[in-house]
Amino acid sequence: MGKYFGTDGFRGEANVKLTADHAFKIGRYLGWFYNQNHKGRIVIGKDTRRSSYMYEYALVAGITASGSDVYLLHVTTTPSVAYVVRTENFDCGIMVSASHNPYQDNGIKVMDGNGHKISADVEAAMEKYIDGEMGELPFATGANVGVATDYAIGRNRYVGYLISLATRSYNGMRIGLDCSNGSAHAIAKSVFDALGAKTYVVGNEPDGTNINMECGSTHIENLQKLVKEKNLDVGFAFDGDADRCIAVDENGNEIHGDFVLYVCGKYLKKCGKLQGNTVVATVMSNLGLFKALDREGIDYCKTAVGDKYVNEAMVANGYVLGGEQSGHVIFSKHATTGDGILTALMLMEVIMESKQSLGTLCQGLTMFPQLLQNVRVEDKKVIMENEKVLALNEKISKELGDEGRILLRESGTEPVIRVMVEAATDEICEKYVGQMVDLINTLI
């Protein structure tokens, strides 16, 4: 990770860590970088945060000042930006969003012309420009100044693409959606309505300050209540920029990313479409997933945490399915990023084809008890390299043996250390997480 750019772009509290000036400079660099040999074309989307407009306009100013043209998707999802970039000959895509973070935060995600996250080299160059280590870039003048164009049609084409992926009507299906008061509010219901489903929606009234607020993929209680009260067949919850999906089965049970990998991995293998007979997961996936995949004769590749690393492994090896427990799931045949609405559609494909409920499809995967606790710190690296922390981590690992594990990692998007323990019982998880959290708190 760089000074500003983490595993998911440049993210932080609006006008504290991430300022409008940062956005302007990112726009200046990208506008110049992609305007070397031809007129640069950059597309921008944003989520519903109040500060997203500020960053959008700052990016537009920087990009056009450097001579490239900007196309505005307005409020849309991160995967829609990736889709438009790769299908409509853009040089670069930018999404203004802090994903699942609270509304006070925001972020800038940059994608290359193929819809993948921008290379580390370009991120490093942007950081040097932001810090004044490159000198000033030339300004465009006269007719060379870039222009900004409304491009809502790109978002509409993405909606059409999603609809086209369904192989059958959802007529008769009762589906709940939680749009997290975010980007999905402009897209998700339209997709499921067009496919014939009877939809029930919550988290669909964004006001700029309520994105992810007790709703969406990180707070699925509202969706669980909706599914049970309305006797729905299934529910899907998205995060702020809709690149995640957490499902709720017909009984109101949470179906997170590990279940999605299990259900869709089995289905793709049965159809002969699981390339390399391999599912890509991260080290944070539950031990239960790996044991279930072993039983099904499906191989798996473990990566570092972050859909960036999942995607890199998939691209390098041609794998078609990968993701995270958090609901970031990539279906590389259809998308280059995690896509919450696409994930919901792929789960619906299995439900409709198998004529089984989601709860039934998830049987066979038993989760090990798992406890994750975040500890807010000032310097993540200092904590991770502390001798006492390392020693306790080794001690706990030995005591857990083959029937559990402890995992410490730095968040790529927040100033926290994540402490996760899996074990045979909740009590064991609580014991060891408590020991590590208590130690870290004495070091802060």
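Can we say Leu73 is assigned to a helix (DSSP H, G or I), buried (at least 22 other Cβ atoms within 10 Å of the Cβ) and either modelled with pLDDT of 95 or more or not polar (S, T, N, Q) (or both)?
Taking the combined requirement at face value, the residue does not satisfy it.
Which condition number does Thr76 fail, the rest of (1) of a type in the set (S, T, N, Q); (2) touching a Leu at 6+ places or on another chain (Cβ under 8 Å); (3) within 30 Å of Ser332 (Cβ to Cβ) being met?
(2)
Whether any residue in the stretch 121-138 is in contact with a Ser or Thr (Cβ under 6 Å, 6 or more places away or on another chain), surrounded by 15 or more Cβ atoms within 10 Å (Cβ to Cβ) and at negative phi is what I want to check.
Looking through the stretch 121-138, none of the residues is in contact with a Ser or Thr (Cβ under 6 Å, 6 or more places away or on another chain), surrounded by 15 or more Cβ atoms within 10 Å (Cβ to Cβ) and at negative phi.
Can you tell which of Ile175, Ile163, Ile153 is under 16 Å from Pro79 (Cα atoms), among the β-branched types (Val, Ile, Thr), touching a helix residue (DSSP H, G or I) at 6+ places or on another chain (Cβ under 8 Å) and modelled with pLDDT of 95 or more?
Of the residues listed, the single one that is under 16 Å from Pro79 (Cα atoms), among the β-branched types (Val, Ile, Thr), touching a helix residue (DSSP H, G or I) at 6+ places or on another chain (Cβ under 8 Å) and modelled with pLDDT of 95 or more is Ile163.
Looking at this structure, is Lys189 in contact with a strand residue (DSSP E or B) (Cβ under 7 Å, 6 or more places away or on another chain), surrounded by fewer than 21 Cβ atoms within 10 Å (Cβ to Cβ) and either in a loop (DSSP other than H, G, I, E, B) or not assigned by TED's automatic domain parsing to the domain that holds Gly45 (or both)?
So Lys189 passes the test.
So, in the stretch 41-70, exactly how many residues are of a type in the set (Ser, Thr, Tyr), crowded, with 24+ Cβ neighbours inside 10 Å and over 24 Å from Met213 (Cβ atoms)?
Matching residues across the stretch 41-70 total 2.
Kindly establish whether Leu289 is buried (at least 22 other Cβ atoms within 10 Å of the Cβ), under 18 Å from the mean Cα position of the chain (by Cα) and outside any loop (DSSP other than H, G, I, E, B).
no
Among Ala194, Ala237, which is surrounded by fewer than 17 Cβ atoms within 10 Å (Cβ to Cβ) and of a type in the set (A, V, I, L, M)?
Values: Ala237 fails: surrounded by fewer than 17 Cβ atoms within 10 Å (Cβ to Cβ).
None of the other options fit; the residue is Ala194.
Scan the stretch 135-182 for residues that are over 29 Å from Asn101 (Cβ atoms), touching an Asp or Glu at 6+ places or on another chain (Cβ under 6 Å) and in a loop (DSSP other than H, G, I, E, B) and jot them down.
The answer is Gly146, Val147, Met173.
Which one of the conditions (1) more than 20 Å from the chain's Cα centre (by Cα); (2) crowded, with 24+ Cβ neighbours inside 10 Å; (3) over 23 Å from Met134 (Cα atoms) does Tyr83 fail to meet, given that it meets all the rest?
Tyr83 satisfies all of (1) more than 20 Å from the chain's Cα centre (by Cα); (2) crowded, with 24+ Cβ neighbours inside 10 Å; (3) over 23 Å from Met134 (Cα atoms) except (1).
Select, from Asp249, Asp233, Asp243, Asp258, the only residue that is within 14 Å of Asp339 (Cβ to Cβ) and of a type outside the set (Phe, Trp, Tyr).
On the way: Asp249 fails: within 14 Å of Asp339 (Cβ to Cβ); Asp233 fails: within 14 Å of Asp339 (Cβ to Cβ); Asp258 fails: within 14 Å of Asp339 (Cβ to Cβ).
Selected residue: Asp243, the only one of Asp249, Asp233, Asp243, Asp258 that is within 14 Å of Asp339 (Cβ to Cβ) and of a type outside the set (Phe, Trp, Tyr).
Pairs only if they're at least six apart or on different chains, beta carbon under 6 angstrom, first in the stretch 149-166 and over 14 Å from Val84 (Cα atoms), second surrounded by fewer than 17 Cβ atoms within 10 Å (Cβ to Cβ); list them, first residue then second.
Ile163/Ala194
Which of the residues belonging to the stretch 356-396 are of a type in the set (D, E, K, R) and more than 25 Å from the chain's Cα centre (by Cα)?
Scanning the stretch 356-396 gives Glu385, Glu387, Lys388, Glu394, Lys395.
Can you name the condition, by its number, that Thr199 falls short on among (1) β-branched (Val, Ile, Thr); (2) more than 30 Å from Val110 (Cα to Cα); (3) surrounded by fewer than 18 Cβ atoms within 10 Å (Cβ to Cβ)?
(3)
Take Gly12 and decide whether it is surrounded by fewer than 24 Cβ atoms within 10 Å (Cβ to Cβ) and under 20 Å from the mean Cα position of the chain (by Cα).
yes
The values are calculated or read from the model by the stated rules, or taken from the named source; none is laboratory data. Just so you know, these numbers come straight off a predicted model, no measurement behind them. Reconstructed Cβ throughout: ideal geometry from the backbone, glycine too, with neighbour counts over all protein chains shown.
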